[in-house]
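Data block below; observations after.
The values are calculated or read from the model by the stated rules, or taken from the named source; none is laboratory data. Not measured: the values here are computed from a predicted model. Neighbour counts run over all protein chains shown; Cβ positions are idealised from the backbone, glycine included.
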């Protein structure tokens with residue numbers, strides 16, 4: 001990884017040449033153009049896959065596959081530059097464990113964020129799938145999960161689920177940063193609690209968030225997810241609500257002691273990744289409890 005140069009304006013896009021990874025690249029290009037980011041396409045070749053194809057011919061297999069992959073990455077770069085000629089786009093090919101390599105490279109580059117697809121394919125198209133949930137869990141930068149290519153090219157409606165954890169509030173700074181760029185409307189949502197104390201507590205949090213958004217001239221609405229209309233867990237209900245309002249982004253935390261931790265780890269983590277279709281999901285790894293997440297001039 002000696003070619004990597006730190007770049008805190010870089011958006012890393014893992015590419016396995018599946019439709020979803022190419023959708024993620026197009027999505028990244030739309031927003032890199034707005035936020036003045038660079039794009040780094042990244043293809044990871046797993047050793048186990050190479051060995052199954054070529055056996056012990058290590059040098060030959062590495063060079064042959066790397067050359068073919070670089071040609072395909074160059075084609076994708078040309079396609080993006082045809083639409084956005086001023087974007088800076090690089091690409092790298094590495095060998096290793098896919099999710100570990102993505103996280104390590106993102107850390108070494110000190111990148112702005114990661115944008116990746118949700119559904120993988122067979123053979124060489126293997127980056128996406130469970131890898132995305134692992135990257136969500138371990139990356140220290142925001143991870144955008146994309147399936148279908150968003151047609152709008154901007155975030156007009158952002159869904160902001162709020163629970164009772166302190167970390168949940170850290171999404172607000174990022175919501176403001178993105179909403180101001182696109183003149184977005186932020187939908188603050190929460191589950192209705194049966195316990196009166198918890199219900200009052202979450203309402204206080206919700207309206208605190210609402211006041212912060214309004215003070216920053218961000219349009220917002222508040223909606224409580226009642227059990228009758230939204231009987232599922234917060235993850236399922238969030239996806240349902242986002243589809244109903246034709247949302248353009250869901251903004252969630254990837255590690256908390258309460259609330260979202262129930263569906264962002266284990267089987268529920270893979271569940272939400274697999275369920276996401278039209279709406280991209282922005283996954284944020286929180287700072288230590290009580291620390292506000294400060295946005296930058298980049299995408300996040």
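Numbers at a glance
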| read-out | value |
| --- | --- |
| Flag for residue 183 being exposed (fewer than 13 other Cβ atoms within 10 Å of the Cβ) and within 23 Å of the chain's Cα centre (by Cα) | yes |
| Elements of type helices (runs of 4 or more DSSP H) in segment 217-278, at least 1 residues being within 21 Å of residue 177 (Cβ to Cβ) and at pLDDT 60 or above | 234-244 |
| Pick from segment 158-214, criterion in a loop (DSSP other than H, G, I, E, B) and over 21 Å from residue 283 (Cβ atoms), ranking: modelled with the highest pLDDT | 183 |
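One line per residue, one yes/no per condition, for (1) out of contact with any helix residue (DSSP H, G or I) (no Cβ under 6 Å at 6 or more places or on another chain); (2) at negative phi; (3) surrounded by 14 or more Cβ atoms within 10 Å (Cβ to Cβ); (4) touching a residue at least 60 places away in the same chain (Cβ under 8 Å):
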| site | (1), (2), (3), (4) |
| --- | --- |
| 151 | yes, yes, no, no |
| 163 | yes, yes, yes, yes |
| 179 | yes, yes, yes, no |
| 195 | yes, yes, no, no |
| 208 | yes, yes, no, no |
| 213 | yes, yes, yes, no |
| 217 | yes, no, no, no |
| 229 | yes, yes, no, no |
